[in-house]
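Asker: Let me begin by handing over the structure; questions about it come next.
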Amino acid sequence: MLLVGIVVAASAVYAGWRVYEAFRAPDDPCRGCQGCALRDAQRKVAARKKNCEKFGGTK
């Protein structure tokens, strides 16, 4: 019974941590990580989209 309680408590802590992380950075799929090529590619696409919208282009 003690083992079940420990597993349930650990699961609740983990779920709480994941909810906290989700609310901390809702628009950031990388959750603050600065080190991967995917993040760089997403930034380039976002900058290109922002510039196109700024100057009236479609894409």
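Asker: Out of (1) of a type outside the set (G, A, S); (2) over 24 Å from the mean Cα position of the chain (by Cα); (3) modelled with pLDDT of 75 or more, what's the single condition that is false for F55?
Answerer: Every listed condition holds for F55 apart from (3).
Asker: Another question, if that's okay. Scan the range 9-16 and tell me whether some residue there is loosely packed, with under 10 Cβ neighbours inside 10 Å, of a type in the set (F, W, Y) and at pLDDT 80 or above.
Answerer: no
The values are calculated or read from the model by the stated rules, or taken from the named source; none is laboratory data. Because the structure is predicted, anything quoted here is derived from the model rather than measured. So basically every Cβ, Gly included, is an ideal-geometry build from the backbone, and we count neighbours across all protein chains shown.
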